Amino acid sequence: IIDEGIDFTKNFVILRGESRDNTILFFPKHMNEIQGTRTTKNDTPFITFFEGEHRGIENLSLILRDEQKGTGYWQDPDCVKECALHWYYSGETMIEMKNEQNSWMRDIYIKNANHAIKIVGVGTTQISIINVVLDQFINRKVGSDGDGHMGVKVGDGATHVLVHNLWVRMPSVPDKGFVPDLATRYSYFQSLDASPID
């Protein structure tokens, strides 16, 4: 059980489980509850790789609780309608790599995330995301277009990112925003599957 964020501060570090199916990290609280904030715009990641190199996470399942609406939801007065919808449904940013180099994620299962993986920032380069499953519990409310729920976001500024063998599992009415977001250069998405589940 993990009830706080994990920040990688050292280089040449790997967070590794025995296997993806047998090593489960459960996150019972949302970041709003951990930080004591009540805002729709809290996208602080649970696991952060920032300004480092040669760091990885592998052979793990990362699971947020099943929930149809974010706990303690409160709409920030500056939040426009789309932003309000974006954070209304449960899930958080699970992993973020920012200004990171020569790092990776391999054999990872992530369940009930809003932004599952974010690779962003100028200077972020040579990142590999291999064999990742993104899942949602069957009764999660499906939003409309523009609500968010991105599986993998490779943002502007990140370069040389490989995403290989990504399986996005979703309810039979797909959340159309839960797809890869490519705003990058010299990056490659290969072997993607977004099969609906019933």
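The values are calculated or read from the model by the stated rules, or taken from the named source; none is laboratory data. This is a predicted model, so every value here is computed, not measured. Cβ coordinates were reconstructed from backbone atoms using ideal geometry, including for glycine residues, and neighbour counts include every protein chain displayed.
Output yes when any residue across the stretch 164-183 is modelled with pLDDT of 90 or more and either buried (at least 22 other Cβ atoms within 10 Å of the Cβ) or aromatic (Phe, Trp, Tyr) (or both), and no when none is. Within the stretch 164-183, none of the residues are modelled with pLDDT of 90 or more and either buried (at least 22 other Cβ atoms within 10 Å of the Cβ) or aromatic (Phe, Trp, Tyr) (or both). Would you mind stating whether SER195 is over 22 Å from GLY123 (Cα atoms), in contact with a Leu (Cβ under 9 Å, 6 or more places away or on another chain) and either at pLDDT below 80 or surrounded by fewer than 17 Cβ atoms within 10 Å (Cβ to Cβ) (or both)? So SER195 does not fit the description; no. Of TRP74, TRP87, all but one fail to be modelled with pLDDT under 60, more than 17 Å from LEU166 (Cβ to Cβ), buried (at least 22 other Cβ atoms within 10 Å of the Cβ) and of a type in the set (A, V, I, L, M, F, W, C); the exception is TRP87.
Any chance the stretch 112-132 includes a residue that's assigned to a strand (DSSP E or B), buried (at least 16 other Cβ atoms within 10 Å of the Cβ), modelled with pLDDT under 85 and of a type outside the set (S, T, N, Q)? Yes, because at least one residue in the stretch 112-132 is assigned to a strand (DSSP E or B), buried (at least 16 other Cβ atoms within 10 Å of the Cβ), modelled with pLDDT under 85 and of a type outside the set (S, T, N, Q). Can you name the residue in the stretch 43-62 that is surrounded by 19 or more Cβ atoms within 10 Å (Cβ to Cβ), out of contact with any Asp or Glu (no Cβ under 6 Å at 6 or more places or on another chain) and closer than 16 Å to GLU4 by Cβ and is also modelled with the lowest pLDDT among such residues? Applying the filter and picking the extreme gives PHE46.
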